[in-house]
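The values are calculated or read from the model by the stated rules, or taken from the named source; none is laboratory data. Because the structure is predicted, anything quoted here is derived from the model rather than measured. Here the Cβ positions follow ideal geometry from the backbone for every residue, glycine too, while neighbour counts run over all protein chains shown. Only protein heavy atoms, including side chains, enter the accessible area calculation; ligands, DNA and RNA are left aside. Shrake-Rupley method; radii C 1.70, N 1.55, O 1.52, S 1.80 Å.
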Amino acid sequence: MSARTDVVAEGNFLIPNGTFLVELLLFLIVLGVIWFFVVPPIRKVLAEREERAAETLSNTKEARQLFAEAEAKHRAAIEKTRAEAAAIRNQARAEGREILEQMRGEAQREADAIVAEAEAQLRAQADQVAAELRETVEPIAQSLSNRVVGIDDRRAGTSPGHQTGRASS
């Protein structure tokens, strides 16, 4: 029976034997070596990585804040510049209107002076032409009226008495 018990004991996996204990001891040694020599550098690298990520996040937040401030300053500067440009434009328009009105006034005064001078010249010419026409037309009209009335210019003469008598007839 003893032979049989050995066979049964060898086949029972619940009873630890020497191989299992040696494997367990080697496993624990490898685990200790890994724990003391491999894990600390990995932890160090992971900690550095987390620090860099936190620093990057901090820098990103700061950069966003600086960007927002710069953008606000930029918008304010643009608005200020636009307001100044609008003021300058309005001032230029007002000055342009003023200059235009001055030039219109000067042009109107010059035109009025030219028109007044032309009217004076035309009146003078009209008076001269009227005087010339009177001198020319009066004898012709007298002669025509005498012919119409039937008085001969050669017989009647040109005395003022005859002219008055003829006009009343």
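Here are the numbers for the structure shown:
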{"read-out": "The range 57-125 - Debye-derived log10 I(q)/I(0), Cα point model, q = 0.17 Å⁻¹", "value": "-0.79"}
{"read-out": "Rg over Rh [alpha-carbon atoms, Kirkwood Rh] for the range 1-154", "value": "2.04"}
{"read-out": "Along principal axes, Cα extents of the range 35-85, largest first, whole Å", "value": "72, 9, 5"}
{"read-out": "Efficiency of FRET between Asn59 and Met103 - r from beta-carbon atoms, R0 45 angstrom, step 0.05", "value": "0.10"}
{"read-out": "Sequence-distant lysines (8 or more away, or on other chains) whose Cα lies within less than 19 Å of Lys61", "value": "Lys73"}
{"read-out": "Accessible area of the range 1-119 belonging to carbon and sulfur atoms, whole % at 1.4 Å probe", "value": "64 percent"}
{"read-out": "Percent of Cα pairs exceeding the 12 Å cut-off, where the set is the range 12-63", "value": "74 percent"}
{"read-out": "Calculated from backbone phi, Karplus (6.51, -1.76, 1.60) coupling profile of the range 81-89 in Hz, x at Gly/Pro", "value": "5, 4, 5, 5, 4, 5, 5, 5, 4"}
{"read-out": "Computed accessible area, Leu46, all protein chains, 1.4 angstrom probe, square angstrom", "value": "80 Å²"}
